[in-house]
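Reading through the structure tokens given below for one structure.
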Amino acid sequence: MSTNDRLFALLPDLAVLVKVVESGSFSAAARGLNCTPSSVSRQISRLEAALKVQLFVRTTRTLRLSEAGQSIAQHAADMLAAARAAAAVSDVRAAPQGLVRLSAPKAFSKQVIQPLLGAFLRQYPAVNVQLIVTDRLTDLLQEDIDLAIRITDQPPEGLIAKALMPIEQVLVASSGYLQQRGIPQSPAELTQHDCIYLGEHANDNRWVLRQGDVSHSVVVSGRFVANHTEIRLAAALDDWGIASLPLFTAQAALADGRLTRVLPNWQLQTAYQGTAYLLYPPNRYLAPKVRVLVDWLVLSFDNIAKNSRN
């Protein structure tokens with residue numbers, strides 16, 4: 001067998017090596033490849049024998065790449081990325097079809113993303129969408145996710161990030177509550193009110209409000225706490241108190257007068273704010289099914305921004 005033939009014979013095993021590195025274990029890689037862990041182990045052993053190096057340092061609890069394995073795995077990943085790009089080139093003119101997996105935070109998924117998808121599915125009948133609703137940080141490569149929406153001030157390195165919309169937190173209350181308890185004129189007066197806050201962490205009842213260079217921290221209290229935005233919205237509409245909500249959750253009730261902004265000249269500072277980014281791996285050629293959803297979402301949020309300015 002010639003040198004070139006031997007090199008070509010290694011390509012499937014190099015692809016398995018990349019899958020093991022991405023998955024973190026032989027068993028996870030086997031599940032992704034629809035084979036057995038022993039089959040994955042044999043391919044890695046065959047690759048080690050052919051290259052005459054030890055690729056992994058194995059213990060009873062951990063699996064990590066050796067120094068030589070790190071270099072070889074990087075070259076193998078580059079090779080696989082090139083192969084994927086080549087496949088995408090041949091498919092770039094094809095009609096969009098297949099499944100796109102999109103992850104997004106829970107409240108944002110239900111209140112912002114889901115209403116946009118009906119028209120998309122009607123326009124692209126051959127494209128299916130799986131919306132993965134989760135507030136945890138998903139790993140696009142390891143979890144085989146095509147697109148992710150993440151709310152952050154700093155999008156992660158190594159991924160394409162398209163800004164969709166700013167996420168602002170606001171304080172709101174019903175007219176019935178404000179008529180009964182009065183309208184706070186300063187952050188300090190919030191201590192005299194029933195406040196409806198997130199309650200997931202010990203300091204969630206410490207609201208920090210900023211106005212220009214002035215910052216004010218106040219510890220609030222209330223008879224009701226909920227870690228679900230729509231529940232806090234319902235409680236505010238039912239006159240239970242002043243609620244902290246993402247603006248996209250409160251927008252409709254503010255527009256029709258069912259809720260009123262409280263301390264509108266102050267900006268509420270929380271961890272759940274920043275910018276909603278659409279994230280995906282930096283492949284030069286996106287599959288048509290993914291590209292059309294990226295373009296649809298970007299255009300949809302551009303239209304939302306234009307309508308909000310009008």
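What follows draws every value from the coordinates through simple rules; no lab data is involved. All of these numbers come straight from a predicted model, not from anything done at the bench. For neighbour counting, all protein chains shown are included, and Cβ atoms are generated from backbone atoms with ideal geometry for every residue, glycine included.
The convex hull around the C-alpha trace of the stretch 212-310, projected and averaged over every direction, spans 9.7 square nanometres. Distances between every pair of Cα atoms in the stretch 34-162, grouped in 5 Å steps from 0 to the bin holding the largest one, split as 2, 8, 11, 15, 16, 14, 13, 10, 7, 4, 1, 0 percent. Fraction of C-alpha pairs exceeding 26 angstrom in the stretch 135-245: 35 percent, rounded to a whole number.
Using C-alpha pairs below 8 Å separated by at least 6 residues, the relative contact order for the chain is 21 percent. Under the simplified labelling scheme, the Arg291-Leu121 pair shows an inter-label distance of 2.5 nm, with each label point 7 Å from Cα along Cα→Cβ. Put the Cα centre of the stretch 218-247 next to the Cα centre of the stretch 136-206 and the gap is 12 Å. The alpha-carbon positions of the chain define a convex hull whose volume is 186 Å³ per residue. Pairs exceeding 23 Å between alpha-carbon atoms, taken from Lys19/Lys52; Lys110/Lys162; Lys19/Lys162; Lys19/Lys106: Lys19/Lys162; Lys19/Lys106.
Gyration tensor over the Cα atoms of the stretch 13-70: the corresponding equivalent ellipsoid has semi-axes (square roots of 5 times the eigenvalues, largest first) of 17, 13, 10 Å. Could you compute the longest span of the chain free of trypsin sites (Lys or Arg not before Pro) located in DSSP loops and having at most 10 other Cβ atoms within 10 Å, not counting the site residues? Value returned for the longest uninterrupted segment is 137-222. Could you give the length gained by full extension between Arg136 and Ala81, i.e. 0.36 nm per residue of separation minus their alpha carbon distance, to one decimal place? Gain in length upon complete extension: 17.1 nm. Straightening the chain between Val57 and Thr270 buys 72.4 nm, computed as 0.36 nm per residue apart minus the Cα-Cα spacing. Here the simple spin-label model places points 7 Å from the Cα toward Cβ, and for Arg181 and Ala234 these points are separated by 1.9 nm. Across all Cα atoms of the stretch 122-174, the radius of gyration (one decimal) and Dmax (whole number) stand at 15.0, 45 Å.
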